[in-house]
1. For residues that are more than 14 Å from chain A (Cβ to nearest Cβ), open to solvent by less than 20 Å² (accessible area, probe 1.4 Å) and over 15 Å from the mean Cα position of the chain (by Cα), tally how many sit in the stretch B:545-574.
2. Only strands (runs of 3 or more DSSP E) wholly contained in the stretch B:90-165 count here; list those with 2 or more residues that are open to solvent by 40 Å² or more (accessible area, probe 1.4 Å) and more than 14 Å from chain A (Cβ to nearest Cβ).
3. Select the strands (runs of 3 or more DSSP E) contained entirely in the stretch B:428-544, then report the ones holding at least 3 residues which are hydrophobic (A, V, I, L, M, F, W, C), surrounded by 22 or more Cβ atoms within 10 Å (Cβ to Cβ) and out of contact with any Asp or Glu (no Cβ under 7 Å at 6 or more places or on another chain).
4. Within the stretch B:26-50, which residues are in contact with a Phe, Trp or Tyr (Cβ under 8 Å, 6 or more places away or on another chain), open to solvent by less than 40 Å² (accessible area, probe 1.4 Å) and among the hydrophobic types (A, V, I, L, M, F, W, C)?
5. Take the residues in the stretch A:121-134 that are among the β-branched types (Val, Ile, Thr) and in contact with a helix residue (DSSP H, G or I) (Cβ under 8 Å, 6 or more places away or on another chain), then tell me which one is nearest to A:Lys31 (Cα to Cα).
6. Among the strands (runs of 3 or more DSSP E) lying completely within the stretch B:290-375, list those that include at least 3 residues that are under 28 Å from B:Leu213 (Cβ atoms), away from ligand 3 (no atom under 16 Å from the Cβ) and not hydroxyl-bearing (Ser, Thr, Tyr).
7. Checking the structure you have, find out if any residue of the stretch B:123-132 is within 25 Å of B:Asn562 (Cβ to Cβ) and either more than 23 Å from the chain's Cα centre (by Cα) or within 16 Å of ligand 4 (Cβ to nearest atom) (or both).
8. Within the stretch B:379-393, track down each residue that is in a helix (DSSP H, G or I) and within 22 Å of B:Glu458 (Cβ to Cβ).
Amino acid sequence: MKNNSNPKIIVFCCNWCSYAGADGAGVARIKIKPYFRIIRTMCSSRIDPELVLEAFEKGAWGVVVLGCHLGDCHYKNGNYKTLRRINLLKKTLKQFGIEDERLRLDWISASEGARFAKIVNETVDAIEKLGPLEVKM
Amino acid sequence: MARIGVYVCHCGGNISEVIDVKEVAAFAGEKSDVVIAKDETHMCSDVGQQLILNDIKEHKLDKVVIAACSPQFQGATFMRTVESAGLSPYVMEMANIREQCSWPHFDFPKDATEKAKDLTDMAIAKARLDESLKKKMMPIGKRVLIVGGGIAGIQAALDLGDAGFKVYLVEKDPSIGGHMTQLSRTFPTEDCAACILSPKMADVPVNPNIELLTYSEVKNIEGFLGNYEVRIEKKPTYVDPAKCTCCDDCVDVCPAKVPNEYEEGLTTRKAIYLPNPIAVPHSYVIDVESCLGQVPLACTKCFDVCEPGAINYDQYAEEINITVDTIIMATGFEIFDATQKAVYGFGKYENVITAMDMERLIVHGAEGSPLRATGNRIAFIQCVGSRDEQVGNENCSRICCMYATKLSQLLKRSDPKRDIYVFYTDLRAYGKGFEEYYKRAQGDGVKFIRGRVAEVIENSKTKKLTLKVEDTLTRNIIESEFDLVVLSVGLRPNGGTDKVANMLRISKSPDGFLQEAHPKFRPVDTLIEGVFLAGTVQGPKDIPDTVAQASAASSRAIRLMNKGEYEAEPITATVDEDICCGCAICVSTCPYDAIKIEVSGDRRVAEVNEMLCKGCGSCAAACPSGASQQNWFKTEQLRAMLSAAL
Ligand SMILES: Cc1cc2nc3c(=O)[nH]c(=O)nc-3n(C[C@H](O)[C@H](O)[C@H](O)COP(=O)(O)OP(=O)(O)OC[C@H]3O[C@@H](n4cnc5c(N)ncnc54)[C@H](O)[C@@H]3O)c2cc1C
Ligand code: SF4
Ligand code: SF4
Ligand code: SF4
Ligand code: FES
């Protein structure tokens, strides 16, 4: 694990909507706090809850999963599966005493750069207050 | 042991002005498996690509990491580079240190450099585990669906039909032609719109490769590039086009009158009618909503009088199922609903009309059958429903400046006594010949005044209209009376677009028009493979731009279909037979039914059909044993990236 003085947030983006939205924020030069790292998959449905847990285990202060808007997934219904899986995971995290704000699921279209920036900045703000994750899993 | 080369791009300052690229390269050079790490001003240039090619040879690199722009921007370029050196394109990884680092973090150079190191490290971690995947070749046919038969759809259909591709052109109205059929003349050359359009329309049904489906609606689309299954419903016209001689006898006797949409409601038409004078197919249609005689057969006047016996009340809607390889969306625009801008009184004051109304008045004026009086003092108000946050449309509609320049001078030249004013916010004469055309209007005596009209007030007795405007050049407040006010209404997305766009999951830009895959380099592609955009469905534009885009969309579609096969990404799922327990969880999660359980004796193992798998990775996330994996996104790769990031 690296230096832990700044928030460390993992953002999972799907290739088609949310990753393009994240690029859009950059193209529009919207200011975002530099404490997130994006991992791109083709669809949000590739994100298996164990991967999210592993991110926390490895020291992430927070995790954001971003897919296409419901109904817009490039693979028919992938994001509905994501919705189910991540909501289930949120319940499990609660049992471990992990704050709800540390895992966020949201939807972003390819043109919503400003929305991407807003969601990431909100998450950074919320998690800066919480500080690093201290639960042992 | 991998042999990785890492390249950090300056992007001509876009990256290096924020991020310390030398520091990032030095950091990467320390990583295990990294053989060389360099920085370079433009990695995507010839020089940059040559650098990679030389290093692959000289240092026997088997993996390449490029820290530069977004993989969605130059990923394909760099994949081709490594491919041309004989490596698999899937051993190239990009770290997005521009769109996702230097650009949004320009205010935090230190943190941005730290982040760039992490992103590069993550890409190195993934590259270490990359396998030499090969692109797979998939069969593809030569069939295209074009939705919308305006000038965009017509041009695309003719291009593709002439090139030998099978085209299904679906138009919801009874005739093709779209808005251009309604125009008088076209700026800046003043060609008569119908005269240049009708030969093109006539070419459509005679082209042996084009199947024209008018009065038809796309009901459902399923599938993907090379295999879109489309269900179309063709509505009955109750008139057999092969028999109809367009004698107009039926119209004389038909008692049912409704507003004529082709004339913008300035006149009425009958329930049986010819959609417009240059209609293709050239045949009458019964509009069943307004017809008095359908169920039960109460009227039948047209039937009785029709000599060739073209009328047939026993027609029913027809369901047509087709399979196509690619799709072009050309569903066009509609004009802004001017009643939304209440201060201008459209729909309330009889002498306030839209520019489209004026197009029709001019056509009839030229034919000597004016539809209404225009009076002598005429004012055009620009940007109605465009560049206006109050009505929720911030975009410029691009064409209104020029059509007002056109309509105003046509009016002025046909009667020089007329006093014609154009009130504009900014006059945008950006195209070839536009500025000259604008000068010509000024020379003809049209008065262009810079100022946004605050309000239009009607004198309830004389019905004359007073405009209140601040001339923003002279700072004078003008109050002036006019006989007629013409609203230069903007272009909005066509109401017919949404349903079909949703079936295909095409995204929209904030202005509501459909979004192209890249604003500069992929202006007619969408992010959906094999789906293209032509014309005003993508945003407001004039006829030349619409036609250019339609031809571009055709050639992009041809590019995919021409070879009879196309390269598909090998990022499909694989199953490790030794670990798979045959639980079939993956089978139920796959949206494409690409997985089957093979049973041999008492062993059950999942098997993926590569041709059907689209590579979403959902099965890999669901598999409890880790047997199902997605190529290029293996669990161990994603885990390695997490470790590098944290
Ligand atoms: C007042 C006015 C004046 C203009 N003057 C000029 C000019 O002088 N010069 C110039 O260059 N340009 C001019 N233009 C612009 C010009 O009209 C457009 O550039 C052109 O018509 C765009 O063609 P299109 O095919 O993209 O769209 P459209 O003409 O709108 O055609 C779209 C077609 O798709 C059909 N459709 C919609 N939804 C569906 C569906 N779901 N299924 C099947 N079919 C569907 C529609 O019925 C229509 O036929 C003017 C525009 C206006 C409003
Ligand atoms: S049957 Fe319908 S279309 Fe024919 S004349 Fe009567 S109202 Fe008109
Ligand atoms: S990756 Fe997606 S499409 Fe391919 S087999 Fe798995 S679930 Fe089906
Ligand atoms: S989910 Fe995994 S273990 Fe179960 S059948 Fe599919 S590949 Fe095999
Ligand atoms: S592709 Fe974006 S959520 Fe499935």
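1. Selection size over the stretch B:545-574: 2.
2. B:136-139
3. Details: elements: B:447-450, B:453-458, B:465-470, B:477-482, B:484-489, B:491-493, B:531-533.
Once the strands (runs of 3 or more DSSP E) in the stretch B:428-544 are filtered for at least 3 residues that are hydrophobic (A, V, I, L, M, F, W, C), surrounded by 22 or more Cβ atoms within 10 Å (Cβ to Cβ) and out of contact with any Asp or Glu (no Cβ under 7 Å at 6 or more places or on another chain), what remains is B:484-489.
4. Answer for the stretch B:26-50, where residues must be in contact with a Phe, Trp or Tyr (Cβ under 8 Å, 6 or more places away or on another chain), open to solvent by less than 40 Å² (accessible area, probe 1.4 Å) and among the hydrophobic types (A, V, I, L, M, F, W, C): B:Ala37, B:Met43.
5. Kept after step one, since they are among the β-branched types (Val, Ile, Thr), are these residues of the stretch A:121-134: A:123-124, A:127.
Remaining after also requiring in contact with a helix residue (DSSP H, G or I) (Cβ under 8 Å, 6 or more places away or on another chain): A:123, A:127.
On the way: A:Thr123: 14, A:Ile127: 18 Å.
The extreme case among them is A:Thr123.
6. Working: elements: B:318-324, B:326-329, B:333-335, B:352-354.
It comes to B:318-324, B:326-329, B:333-335.
7. Scanning the stretch B:123-132, I find no residue that is within 25 Å of B:Asn562 (Cβ to Cβ) and either more than 23 Å from the chain's Cα centre (by Cα) or within 16 Å of ligand 4 (Cβ to nearest atom) (or both), so the answer is no.
8. B:Gln390, B:Val391, listed by residue number.
The values are calculated or read from the model by the stated rules, or taken from the named source; none is laboratory data. Given the structure is predicted, the values throughout are model-derived calculations rather than measurements. All Cβ positions, even for glycine, are placed from backbone atoms using ideal geometry, and neighbour counts span all protein chains on display. All accessible areas refer to the heavy atoms of the entire protein, side chains included, with ligands and DNA or RNA removed. Shrake-Rupley method; radii C 1.70, N 1.55, O 1.52, S 1.80 Å.
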